[in-house]
1. Among THR158, ILE382, LEU400, which residue has its Cα positioned farthest towards the positive end of the charge dipole of the chain, with +1 placed on the Cβ of Lys and Arg, -1 on the Cβ of Asp and Glu, and the dipole taken about the Cα centre?
2. Which whole-number percentage describes the relative contact order of segment 1-142, with Cα contacts under 8 Å and a sequence gap of 6 or more?
3. Counting only DSSP beta bridges with both residues in segment 260-381, tell me the antiparallel percent, nearest 5.
4. Per residue, what accessible area does the chain have, given a 1.4 Å probe and all protein chains present, in Å²?
5. Based on the Cβ-Cβ distance from THR20 to ILE329, what FRET efficiency comes out when R0 is 22 Å, to the nearest 0.05?
6. I'd like to compare 73-79, 392-398, 164-170: which one has the highest average count of other Cβ atoms within 10 Å, and what's the full order after that?
7. Take each uninterrupted DSSP H stretch in the chain, measure its Cα extent along the helix axis, and return the ones at 20 Å or beyond whose mean Kyte-Doolittle hydropathy is at least 0.0.
8. Could you tell me what percent of the DSSP beta bridges with both partners in the chain are antiparallel, to the nearest 5?
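The values are calculated or read from the model by the stated rules, or taken from the named source; none is laboratory data. Here the structure is a predicted model, which means the values were calculated and not measured. Positions of Cβ are backbone-derived with ideal geometry, glycine not excepted, and every protein chain shown enters the neighbour counts. The protein model used for the area step is the full one, side chains on, heavy atoms only, and it has no ligands, DNA or RNA in it. Shrake-Rupley method; radii C 1.70, N 1.55, O 1.52, S 1.80 Å.
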Amino acid sequence: MAKSPSTKAPLRLGIAGLGTVGTGVIKILQSKANLLAARTGRPVVVSAVSARTRAKDRGVDLSGYAWEDDPVSLALRDDVDVFVELMGGADGPAKAATEAALSMGKDVVTANKAMLALHGNELAAQAEKHGAVLRFEAAVAGGIPVVKALTEGLAGNTITRIIGVMNGTCNYILTRMENEGLSYDEVFAAANALGYLEADPTLDVGGIDAGHKLALLAAIGFGTRVNFGDMVLEGIERITIDDIRQAADMGYKIKLLGVAQMTGRGLEQRMTPCLVPDTSPLGQLDGATNMVVLEGDEVGQIVLRGAGAGMGPTASAVMSDVLDIARGIRLTTFGVPVDMLDTAKPAVAATPASFYLRLSCIDKPGVLAKVTTALGDAGVSIERMHQYGQHDDPDVAPVLIVTDPTSRSSLDVAMAAMEGANVLSEKPVAIRIEAV
């Protein structure tokens, strides 16, 4: 006869990091203790916690928990079964404490996408070596259960493509620019004032934060070692309100879009601005919401949409992993044993696509001829081209070109030739038009 939750040994947590997410996890554990025990068959409790400061009022009662100033000491405590790492940072205390827990055979739940994107292969190997589980649902797309979808729900599929808007701050910026006709700088300042941006804003607007998430999903989806270093990254800093309006006129929206797919040339991973059809699920995604689209050979296309950050959604994802461990579910970190993960050859934008190309041409005779020659010599054909609007400099003519499907490498050759011919007043902007 199965034991009741009250007679089974509790699962004891050590939580390192008591910021927004850590506090949210404790609130769930305190307010839903009976429900969690009923769903897992055992109590889930907190033994000890760790954070930078003890005195801070976090809005939760911590008096019943032991306190460790050093997260490594927390990870090594005898009364901690699962180490919950919510400190952040690719290295430093987060990595040291995670390694300490794994070395003792303790399971780890983390929301730390940077640490896993840079050290995930090594940490996964350490977990397997010591019989531990390393789970990270909260590290990717907040409350959206995309890791669980890939490792469990779609385990019978060969994944063909992963696409997503994985940074809510960038989507918020682009949406406000479009809806209110504001410049990038104006909306960036507003987002910063609201506390939406990381301490280093480049992590958000430069695509790095979202790139970390995509690297983890690609590893699961394609059975490869995590390889963030070969990801193509491009942020939204150079997107203008004119780009957004021109895209809208053609029936598109601009999104910071992550795409991972296995091609004949290798694994393509990129986090870059793209044009997507305004009628597509991604095109209709507004505000700070995230969306991940998974494509499998058996299931077709699955769309997952929801809050990508915040106390409740991210704490919910942490608890998803904790409750799986409480139920006795033991999964490898990236879906298969580490020694079965392939080292994929990186493919840089191997899949041809049309591109939106914005040029600031010097307004003098023969310039457009040199532009078209540069494109033609690189094997890039033009679908449409026109001059639009006014540039701040009266001697500069803004020109918009939409190419026929081509490779990014060919387009790069053409743009380099234009810059070498001294026909542009500033660096060109090229945005891929993605089929979704």
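1. Of the listed residues, the answer is THR158.
2. For segment 1-142, the relative contact order is 22 percent.
3. For segment 260-381, the DSSP antiparallel bridge percentage is about 90.
4. 41
5. 0.25
6. 164-170, 73-79, 392-398
7. 208-222, 311-327
8. Taking every DSSP beta bridge with both residues in the chain, the antiparallel ones total about 65 percent.
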